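Below you'll find the structure, written out as structure tokens, and then a few comments.
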Amino acid sequence: MISDRKKSDKYLFYQALERRLPKNHAYWPDVQKILRKEGGGYAGELRVDRELSETRFFEDYILLKSILVGNEASYCQIDSLIIYQKFILIIEVKNIPGILRYDEESHQLTRQRDNGPIDGMGNPEGQLQRSKRFVKRIIDQHQMTMPVHGMIVFSNPASILEKPFPSLAIHVSGLYQALENLHQLYADQSNPHFDIRKVHQLFIQNEPALPPKKPTHIPTKIFSDLTIGVLCPDCVMTKLTYRSKFWRCPICTHKGETSHLTTLQEYRILFSEEITTNKWMDFTGMKSVATTRRMLCKSNLEKIGGNKNRKWLIRKTQL
Ligand SMILES: [Zn+2]
């Protein structure tokens with residue numbers, strides 16, 4: 001079973017920002033740079049997903065993508081958590097092109113591109129061990145004795161891993177073999193089997209729900225420079241107007257009944273997960289209070305407060 005891979009909050013934030021930021025804005029090049037990096041990371045995760053989908057024949061398994069493990073105060077995000085019948089495998093995906101070296105003593109990963117300067121890339125092993133601790137904690141809390149393994153997978157075709165490299169770090173091209181080796185350890189039928197659907201439920205039910213997190217280094221002034229409104233998906237930064245139950249573009253022929261649903265998600269990411277009727281009217285240019293209320297009522301939002309101070313909580317959905 002393979003679920004769709006979610007984009008990270010950071011990636012969604014910058015994509016929403018890009019849609020509404022004028023191209024001549026001073027911050028535009030920075031946004032492009034970050035989007036390239038986030039897009040590369042996401043593409044790398046998809047590459048690993050594809051490799052994993054080709055190993056289906058190993059046995060029944062459930063793959064959880066970009067899952068949060070822990071609680072609201074302390075948690076980790078795991079790129080891929082695979083539940084097999086006999087063990088759990090955590091995969092951290094790294095999309096880093098260039099020559100990669102690993103210092104066993106300091107656990108420091110460095111990268112060099114085109115004989116250029118050497119960049120520090122943190123400690124992926126430390127990150128993996130931390131993820132393992134979070135996963136083990138949840139397993140222990142539910143009195144399970146399931147083994148937990150971890151792997152760091154370098155997903156970029158242009159990553160060159162210079163030896164010596166820790167055995168738990170591999171290039172995506174070696175993933176199949178690494179999985180086969182791991183499964184060999186459990187070939188003996190006497191190893192305990194676990195109910196993978198039950199374990200899956202455990203992680204889903206315990207996933208912390210976090211409010212959208214804005215990157216902290218963003219200049220706050222930028223938010224007043226963004227184009228507001230429900231935007232046309234086909235024209236650049238063109239505001240749709242709401243008339244006779246449809247959002248309509250003044251430039252092209254676009255006509256949509258639910259175009260505001262994407263905008264509500266963008267509003268959640270960029271501004272706030274709470275909205276009032278008045279704020280939504282200001283943001284979209286809608287004129288009728290009754291129509292706006294009706295729209296928000298039908299948009300799968302959660303009501304907060306009484307009728308006088310009515311607010312709506314925008315739930316996270318996939319964009
Ligand atoms: Zn249009």
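Contact map, the range 114-141: residues that are in contact (Cβ under 8 Å) with a residue 24 or more places away in the chain paired with residues that are exposed (fewer than 13 other Cβ atoms within 10 Å of the Cβ) and assigned to a loop (DSSP other than H, G, I, E, B), Cβ distance under 9 Å, separation 6+ or inter-chain. Pairs shown: Phe134/Ser74; Ile139/Thr145.
Screening the range 219-235 for residues that are in contact (Cβ under 8 Å) with a residue 40 or more places away in the chain and away from the ligand (no atom under 16 Å from the Cβ) and picking the one that is surrounded by the fewest Cβ atoms within 10 Å (Cβ to Cβ) gives Pro219.
Can you report the number of residues in the range 69-84 which are in contact (Cβ under 8 Å) with a residue 60 or more places away in the chain and surrounded by fewer than 18 Cβ atoms within 10 Å (Cβ to Cβ)?
So the first thing to find is which residues in the range 69-84 are in contact (Cβ under 8 Å) with a residue 60 or more places away in the chain, and the list is 69-72, 75, 77, 81, 83-84.
Of the ones still in play, those that are also surrounded by fewer than 18 Cβ atoms within 10 Å (Cβ to Cβ) are 71-72, 75, 77.
Number satisfying all stated conditions: 4.
If only residues of the range 233-257 that are of a type in the set (Val, Ile, Thr) and at pLDDT below 95 are counted, the one that is nearest to the chain's Cα centre (by Cα) is Val236.
Can you find a residue in the range 169-183 that is in contact with a Phe, Trp or Tyr (Cβ under 9 Å, 6 or more places away or on another chain), farther than 30 Å from Asp103 by Cα and in the same structural domain as Leu81 (by TED's automatic domain parsing)? Step through it out loud before you land on a result.
Taking the range 169-183 and keeping what is in contact with a Phe, Trp or Tyr (Cβ under 9 Å, 6 or more places away or on another chain), we get 169-172, 179-180, 182-183.
Filter once more, so that each one left must be farther than 30 Å from Asp103 by Cα: none.
Looking through the range 169-183, none of the residues is in contact with a Phe, Trp or Tyr (Cβ under 9 Å, 6 or more places away or on another chain), farther than 30 Å from Asp103 by Cα and in the same structural domain as Leu81 (by TED's automatic domain parsing).
In contact (Cβ under 8 Å) with a residue 40 or more places away in the chain, within 19 Å of the chain's Cα centre (by Cα), in the same structural domain as Ser131 (by TED's automatic domain parsing) and surrounded by 15 or more Cβ atoms within 10 Å (Cβ to Cβ), is that true of Arg101? Considered against the rule, which asks whether it is in contact (Cβ under 8 Å) with a residue 40 or more places away in the chain, within 19 Å of the chain's Cα centre (by Cα), in the same structural domain as Ser131 (by TED's automatic domain parsing) and surrounded by 15 or more Cβ atoms within 10 Å (Cβ to Cβ), Arg101 comes out as no.
From the residues in the range 236-264 that are surrounded by fewer than 19 Cβ atoms within 10 Å (Cβ to Cβ) and among the polar types (S, T, N, Q), which one is nearest to the ligand (Cβ to nearest atom)? Break it down into steps so the answer makes sense when it comes.
Restricting attention to the range 236-264, the residues satisfying the condition of being surrounded by fewer than 19 Cβ atoms within 10 Å (Cβ to Cβ) are 236-239, 241, 243-246, 248, 250-258, 261-262.
So of that shortlist, the ones also among the polar types (S, T, N, Q) come out as 238, 241, 244, 253, 258, 262.
Working: Thr238: 5, Thr241: 11, Ser244: 17, Thr253: 8, Thr258: 16, Thr262: 14 Å.
Among them, the one singled out is Thr238.
Within the range 1-60, if we keep just the residues that are assigned to a loop (DSSP other than H, G, I, E, B) and closer than 30 Å to Gln184 by Cβ, the residue that is modelled with the highest pLDDT turns out to be Arg5.
Kindly check whether there is at least one residue in the range 210-217 that is closer than 20 Å to Trp280 by Cα and near the ligand (Cβ under 10 Å from one of its atoms).
Looking for residues that are closer than 20 Å to Trp280 by Cα and near the ligand (Cβ under 10 Å from one of its atoms), one finds none in the range 210-217, hence no.
The values are calculated or read from the model by the stated rules, or taken from the named source; none is laboratory data. What you see is a predicted model; the values in this text were computed from it and never measured. We place every Cβ from the backbone using ideal geometry, glycine too, and count neighbours over all the protein chains shown.
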